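Here is the structure we will look at.
The values are calculated or read from the model by the stated rules, or taken from the named source; none is laboratory data. All values derive from a computational prediction rather than experimental measurement. With ideal geometry, Cβ positions are generated from the backbone for all residues, glycine too; neighbour counts draw on all protein chains shown.
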Amino acid sequence: MHLPLIDGFGREHTNLRISVTDRCNLRCFYCMPAEHVQFMERSEILTFDEIERFVRIAVPLGLRKLRLTGGEPLVRRDLNVLIRKLAQIKGIEDIGLTTNGILLADQARDLFDAGLRRINVSLDALDAQKFAAITRRQGYEKVINGIQTAKGIGFDPIKVNAVAVRGLTEEEIVPFGLFARRTGVEIRFIEFMPLDADNAWDHGKVLYSNEIVEVLEREIMPLVPLPNRNPKAPATEFVFADGIGRIGFISSVSQPFCMSCDRFRITADGKLRNCLFSTEETDVKVLLRSGSDDSAVEAAIRSSIAMKKAGHEINAANFIQPSRPMYSIGG
Ligand code: SAM
Ligand code: SF4
């Protein structure tokens, strides 16, 4: 009988985000440097067998939900093989993927056949030129095509993540609202967080959720909260008053949801993080590769969760930005 993963603030951890690579085919300014990126050595990256073993050890401790991320998870070869392995683990109730969508059209069928159903596609602008300015790469049409292909295959839900950046996102608010109404895809605005590689974040660069709500309600129609939402989900979700078009907000900066956080993370190189903003990590790769038994890995998970702080403190004067940028943590 294993005890659940409860931290010092009574939060139970049932939700793991797995970064499968730090490599990426885009260079979004809020996540990666423009050039000279130092990627992890391939030998440092957890194998599918190591990831599967880690998940199998965590399931008896209460792990139920997984999300695969990166870097760009679809640049990891044969990702569908990992998804198939994870989907077969008894106790895993839900697997999601967060992708930039560039390779989605090519891989959607294999991912679906492996058991994946939930996809979040990151797209910050409904305009090819703005997309290129943000991601420092071309590929807008590929992402749109990826979303359409995934929809056609039957993925559900499909959500679009848009980072809300002051000076960039304002003009995208109404087009995204109309896109949500036209396509049935939920748009989720994520407040820009201090996880950029350039350390250029400041509060002035965040476009806050309440400002976006104001524009949507003024230009389209009022939003009403979605009933029955999961209180542990980070997004506050709304639907337009006529019932058509869902909009979510991840207001990590203006309304931190740390006290209901049920997540922990493992980086592509096998470091356990109890928070996106942790400045400390627990090395589980060393255990997975040194012949340690499952109880040693379990103890490492427990000690990481036990060290979890109350919250991220982005708004505190003494906030320290993690040394790993988002692409290397796994968002
Ligand atoms: N490459 C995939 C993608 O872009 O969807 C998965 C990894 S990416 C790091 C995961 C999510 O984090 C994306 O939705 C991305 O927009 C978001 N993200 C990255 N940096 C961010 C930041 N500084 N603030 C808020 N969200 C960020
Ligand atoms: Fe790549 Fe995703 Fe980071 Fe953009 S947000 S650079 S797509 S990992």
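Give just the number: which of (1) of a type outside the set (Phe, Trp, Tyr); (2) surrounded by fewer than 16 Cβ atoms within 10 Å (Cβ to Cβ); (3) touching a strand residue (DSSP E or B) at 6+ places or on another chain (Cβ under 9 Å); (4) more than 25 Å from CYS28 (Cβ to Cβ) does GLU219 not satisfy?
(3)
Of the conditions (1) within 16 Å of ligand 1 (Cβ to nearest atom); (2) under 21 Å from the mean Cα position of the chain (by Cα); (3) assigned to a loop (DSSP other than H, G, I, E, B); (4) of a type in the set (A, V, I, L, M, F, W, C), PHE249 clears all except one; give me its number.
With respect to (1) within 16 Å of ligand 1 (Cβ to nearest atom); (2) under 21 Å from the mean Cα position of the chain (by Cα); (3) assigned to a loop (DSSP other than H, G, I, E, B); (4) of a type in the set (A, V, I, L, M, F, W, C), PHE249 is out only on (3).
If you go through segment 46-76, how many residues are surrounded by fewer than 22 Cβ atoms within 10 Å (Cβ to Cβ), in a loop (DSSP other than H, G, I, E, B) and within 16 Å of ligand 1 (Cβ to nearest atom)?
1
When segment 29-45 is examined, which residues are found to be surrounded by fewer than 22 Cβ atoms within 10 Å (Cβ to Cβ) and either of a type outside the set (A, V, I, L, M) or more than 16 Å from ligand 2 (Cβ to nearest atom) (or both)? Talk me through it step by step, then tell me what you get.
As a first pass, look at segment 29-45 and keep what is surrounded by fewer than 22 Cβ atoms within 10 Å (Cβ to Cβ): 29, 33-44.
The answer is PHE29, PRO33, GLU35, HIS36, GLN38, PHE39, GLU41, ARG42, SER43, GLU44.
Kindly evaluate ASN274 against the criterion of being at pLDDT below 95 and either more than 19 Å from the chain's Cα centre (by Cα) or away from ligand 2 (no atom under 16 Å from the Cβ) (or both). It would help to see each step written out before you state the result.
Numbers: at pLDDT below 95: no; either more than 19 Å from the chain's Cα centre (by Cα) or away from ligand 2 (no atom under 16 Å from the Cβ) (or both): yes.
For ASN274, the condition - at pLDDT below 95 and either more than 19 Å from the chain's Cα centre (by Cα) or away from ligand 2 (no atom under 16 Å from the Cβ) (or both) - is not met.
Is it true that some residue in segment 71-79 is in contact (Cβ under 8 Å) with a residue 60 or more places away in the chain, within 16 Å of ligand 2 (Cβ to nearest atom) and on the phi > 0 side of the Ramachandran plot? Walk me through how you get there before you give the answer.
Of the residues in segment 71-79, the ones in contact (Cβ under 8 Å) with a residue 60 or more places away in the chain are 71.
Retained after the next criterion (residues that are within 16 Å of ligand 2 (Cβ to nearest atom)): 71.
Filter once more, so that each one left must be on the phi > 0 side of the Ramachandran plot: 71.
Yes, segment 71-79 has at least one match.
Give segment 141-158 a look and list any residue that's within 14 Å of ligand 1 (Cβ to nearest atom) and either of a type in the set (A, V, I, L, M) or under 14 Å from LEU26 (Cα atoms) (or both), or say none. Can you show your working first?
At the first step, the residues of segment 141-158 found to be within 14 Å of ligand 1 (Cβ to nearest atom) are 142-143, 146-147, 150, 158.
Of everything in segment 141-158, those that are within 14 Å of ligand 1 (Cβ to nearest atom) and either of a type in the set (A, V, I, L, M) or under 14 Å from LEU26 (Cα atoms) (or both) turn out to be LYS142, VAL143, ILE147, ALA150, ILE158.
Being away from ligand 2 (no atom under 13 Å from the Cβ), assigned to a loop (DSSP other than H, G, I, E, B), within 17 Å of ASP283 (Cα to Cα) and of a type outside the set (Asp, Glu) is the requirement here; does LEU16 meet it? Full working, then the answer.
Numbers: away from ligand 2 (no atom under 13 Å from the Cβ): yes; assigned to a loop (DSSP other than H, G, I, E, B): no; within 17 Å of ASP283 (Cα to Cα): yes; of a type outside the set (Asp, Glu): yes.
The answer is no for LEU16.
Of the conditions (1) polar (S, T, N, Q); (2) more than 16 Å from ligand 1 (Cβ to nearest atom); (3) surrounded by 22 or more Cβ atoms within 10 Å (Cβ to Cβ), SER19 clears all except one; give me its number.
Result: SER19 fails condition (2) only.
One line per residue, one yes/no per condition, for (1) within 16 Å of ligand 2 (Cβ to nearest atom); (2) on the phi > 0 side of the Ramachandran plot; (3) loosely packed, with under 15 Cβ neighbours inside 10 Å; (4) under 22 Å from the mean Cα position of the chain (by Cα):
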position	(1), (2), (3), (4)
PRO194	yes, no, no, yes
ASP198	yes, no, yes, yes
GLY204	no, no, yes, no
ARG229	no, no, yes, yes
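Output the number of the condition that GLN129 fails; it satisfies all remaining conditions of (1) among the polar types (S, T, N, Q); (2) within 28 Å of SER209 (Cβ to Cβ); (3) surrounded by 16 or more Cβ atoms within 10 Å (Cβ to Cβ).
If we test GLN129 against (1) among the polar types (S, T, N, Q); (2) within 28 Å of SER209 (Cβ to Cβ); (3) surrounded by 16 or more Cβ atoms within 10 Å (Cβ to Cβ), just (3) comes out false.
Assigned to a helix (DSSP H, G or I), hydrophobic (A, V, I, L, M, F, W, C) and touching a strand residue (DSSP E or B) at 6+ places or on another chain (Cβ under 6 Å): which single residue out of ALA132, ALA150 fits that description?
On the way: ALA132 fails: touching a strand residue (DSSP E or B) at 6+ places or on another chain (Cβ under 6 Å).
Exactly one residue qualifies, and that residue is ALA150.
Find all pairs meeting these conditions: Cβ atoms under 6 angstrom apart; at least six residues apart or on different chains; first residue within segment 22-47 and without any contact (Cβ under 8 Å) to a residue 24 or more places away in the chain; second residue assigned to a loop (DSSP other than H, G, I, E, B) and crowded, with 22+ Cβ neighbours inside 10 Å.
PHE39/ASP22
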